[in-house]
Amino acid sequence: MIALLRTPATAVWMVLIVATAATWTLGTSHGFGNHTLASAVILLIAFIKVRLVGLYFMELRDAPALLRGLFEAYCAIACTVVIGVFLLA
Amino acid sequence: MNAVSITTESQPPVTVTKKIPGEAGVWIFILGDMTVFTVFFVVYLVERGKNRQVFELSQQTLDKHFGAVNTVFLLISSLLVVLAVRAMRITARHVAQRAIVGAFLCGIAFVVVKVFEYHERIAAHETPSTNGFYLLYFVLTGLHLFHLVIGLAVLIILRSMAGRPALSTNQWAFFEGAACFWHMVDLLWLVLFPLIFLVR
Amino acid sequence: MANKVELDSGLFKAAVWSGIALIVAMVIAQGLLMHFIPPPSPALSAEELAQRFIDRRDEIRLGCLIQCIFWSFWATWGIAITVFIRKMERSYPILTYSSIALVGGGYVFFILIPMTWAVIAFRPETLDPSIIQIMNDWVWFDFLFTWPPFALWMVVIGLAIIKDHNVPTLYPRWVAYLNFWCAILIFPAGLIAFFHTGLFAYNGVGAFWIPFAIFFGWMIVMSVTTFQTINRQKEKLTAETVLATA
């Protein structure tokens, strides 16, 4: 079973856990008065995590260019739009 | 399918084939669902923009710990689903079944936390009709929960499929597609949690 | 001589076209004539709502007569798909019978819509406005809140396609996933019970426009793919007959 875990996906999983912890720290810190920058970073990290899940868990890394392209486009567009609306709304 | 061959002097060619995880049809569903949720994310941020104070104050009543714990549950469940698919590929059926059960239990844990979380809100008279924040909080997390419950049903199907001696091509397509659906449920929460609980 | 399997593609296609006619009639009668697309806001006062029925009394009566006719085609359209579900299943047709039950229930919900509006428009000036209000609310709930059997039918269709034993499958497999997705997407229609205004009121974007667009968009996609399936089946049967008699 350990052999089954010897795959890039497991390393990615650890990155995701660390990223979650980083997001938590950023999100619960009370130091900065203006939380806007931290929130934008939190959202950016979220979409990086989304991309990692898609590429490594959903195995889109080995998918045909069209499908992977669609997913990457989604990540890029969604990330931009969400952070954009957050900053501008 | 595109195949790329790499040949070295003494070795036979190594082919790297590109493969659609599951099948094409499932991606209409998954990408479509992700798009719908993204529209809701934008709606949330637009409403927040119109009611900054209400959203900030209401957000503070949520317990972030619940959300964080749920994120960990889903990440663990996704890793277990990855494990299950890999196990199925080398026909380690019992490992696959146990991994799926593990993922299922993580999903149940998520539901339990969520029910508790909702209960706390409702007991404090914070319901979807209270204000715009709670409306979107309940609708967004509720829609996600709905998908998660469907995912749990799908995991039950996967567990029984994992018990079969062999899977046909179509069954494999469904198995992988269903695994991707579960990862989507995880993926959506990875955005939902920070968006609703942490972003301010 | 081998048994000849016949497919009356003319009749079959007419059944699918009846569904298209249903959509066109709805846009014309319910939308243009009766002004009930989109729904009047649930936040309107009873008096304002009653006035609408009094002002457009004649248009509503005529539109309802038309709609009672065209909603009936839900049955013929739905059964065309059901026939294919029968062909996708093997001997114990649980999905087929579920499909028949769900389709059959469907047109009842649809036809009660114009029937109720026609009853309101029968003598609206004599009615207490709050009676008109509750009957109108009832109609919108009948239209939207009853989404579950329709979602369930979409799931039945999707299951039938996923489990289709034919080679090649009667419908392309992506249609199954589209059905599963649409089944989930029309669920917000169930939120109308909780809101009088906003996104999830029965005239709101979330609870009306999205499920409405998804549902009738789905009907169009299913109609197109069913036409294609009829054509493929017709060709296949013609080829088999040629082989058998050669």
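Values as computed for the structure displayed
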{"quantity": "Top-ranked residue in the range B:90-110 [being in contact (Cβ under 8 Å) with a residue 40 or more places away in the chain and either surrounded by fewer than 19 Cβ atoms within 10 Å (Cβ to Cβ) or among the hydroxyl-bearing types (Ser, Thr, Tyr) (or both); ranked as farthest from B:Val185 (Cα to Cα)]", "calculated": "B:Arg93"}
{"quantity": "Residue count for the range A:20-53, restricted to those that are under 20 Å from B:Thr38 (Cβ atoms) and either in contact with a His (Cβ under 6 Å, 6 or more places away or on another chain) or of a type in the set (A, V, I, L, M) (or both)", "calculated": "11"}
{"quantity": "Selection status of B:Gly67, out of contact with any helix residue (DSSP H, G or I) (no Cβ under 6 Å at 6 or more places or on another chain), under 30 Å from A:Asn34 (Cβ atoms), part of a helix (DSSP H, G or I) and within 14 Å of chain A (Cβ to nearest Cβ)", "calculated": "no"}
{"quantity": "Unique match (being closer than 26 Å to C:Phe194 by Cα, outside any helix (DSSP H, G or I) and either under 18 Å from the mean Cα position of the chain (by Cα) or not polar (S, T, N, Q) (or both)) among B:His119, B:His144, B:His125", "calculated": "B:His125"}
{"quantity": "Among residues of the range C:140-191, those that are farther than 19 Å from C:Gly106 by Cα, β-branched (Val, Ile, Thr) and not in a helix (DSSP H, G or I), counted", "calculated": "2"}
{"quantity": "Condition check for C:Ser9: over 13 Å from the mean Cα position of the chain (by Cα), exposed (fewer than 14 other Cβ atoms within 10 Å of the Cβ) and over 23 Å from C:Asn179 (Cβ atoms)", "calculated": "no"}
{"quantity": "Conditions (1) buried (at least 20 other Cβ atoms within 10 Å of the Cβ); (2) at pLDDT below 95; number of the one not met by A:Leu37", "calculated": "(1)"}
{"quantity": "Where B:Val69 falls short, out of the listed (1) closer than 22 Å to B:Gly142 by Cβ; (2) buried (at least 17 other Cβ atoms within 10 Å of the Cβ)", "calculated": "(2)"}
{"quantity": "Answer residue from the range C:114-140, given it is of a type in the set (S, T, N, Q) and either surrounded by fewer than 16 Cβ atoms within 10 Å (Cβ to Cβ) or touching a strand residue (DSSP E or B) at 6+ places or on another chain (Cβ under 8 Å) (or both) and is nearest to C:Cys64 (Cα to Cα) among those", "calculated": "C:Thr126"}
{"quantity": "Single unsatisfied condition, A:Ala89 versus (1) within 7 Å of chain B (Cβ to nearest Cβ); (2) in contact (Cβ under 8 Å) with a residue 12 or more places away in the chain", "calculated": "(2)"}
{"quantity": "Within the range C:20-136, helices (runs of 4 or more DSSP H) holding 3 or more residues that are more than 23 Å from the chain's Cα centre (by Cα) and within 26 Å of C:Phe195 (Cα to Cα)", "calculated": "C:46-55"}
{"quantity": "B:Leu152 away from chain A (no Cβ under 13 Å), outside any helix (DSSP H, G or I) and in contact (Cβ under 8 Å) with a residue 40 or more places away in the chain", "calculated": "no"}
{"quantity": "Residue check for B:Ala87: part of a helix (DSSP H, G or I), within 14 Å of chain A (Cβ to nearest Cβ) and either under 15 Å from the mean Cα position of the chain (by Cα) or within 20 Å of B:Phe73 (Cβ to Cβ) (or both)", "calculated": "no"}
{"quantity": "Residues being outside any helix (DSSP H, G or I) and aliphatic (A, V, I, L, M) - total across the range B:32-64", "calculated": "1"}
{"quantity": "Residue list for the range B:149-199, restricted to those being within 17 Å of the chain's Cα centre (by Cα), farther than 18 Å from A:Ala63 by Cβ and of a type in the set (Phe, Trp, Tyr)", "calculated": "B:Trp189, B:Phe193"}
{"quantity": "Selection from the range A:22-45 of residues that are under 13 Å from the mean Cα position of the chain (by Cα) and of a type in the set (A, V, I, L, M)", "calculated": "A:Ala22, A:Ala40, A:Val41, A:Ile42, A:Leu43, A:Leu44, A:Ile45"}
{"quantity": "Residue match in the range C:109-119 (condition: of a type outside the set (Ser, Thr, Tyr) and out of contact with any helix residue (DSSP H, G or I) (no Cβ under 9 Å at 6 or more places or on another chain))", "calculated": "no"}
{"quantity": "Residue within the range B:151-159 that is closer than 25 Å to B:Gly49 by Cα, exposed (fewer than 14 other Cβ atoms within 10 Å of the Cβ) and not charged (D, E, K, R) present", "calculated": "no"}
{"quantity": "Test result for A:Ile83, farther than 28 Å from B:Arg86 by Cβ and in a helix (DSSP H, G or I)", "calculated": "yes"}
{"quantity": "Residues of the range A:35-89 satisfying the condition of being in contact with a helix residue (DSSP H, G or I) (Cβ under 8 Å, 6 or more places away or on another chain) and hydroxyl-bearing (Ser, Thr, Tyr)", "calculated": "A:Thr36, A:Ser39, A:Tyr56, A:Tyr74"}
{"quantity": "In the range A:57-89, residue surrounded by the most Cβ atoms within 10 Å (Cβ to Cβ) [restricted to those that are under 13 Å from B:Lys19 (Cβ atoms) and among the small types (Gly, Ala, Ser)]", "calculated": "A:Ala63"}
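The values are calculated or read from the model by the stated rules, or taken from the named source; none is laboratory data. Computed from a predicted model, the values in this text were never measured in an experiment. Backbone-built Cβ (ideal geometry, glycine too); neighbour counts: all protein chains shown.
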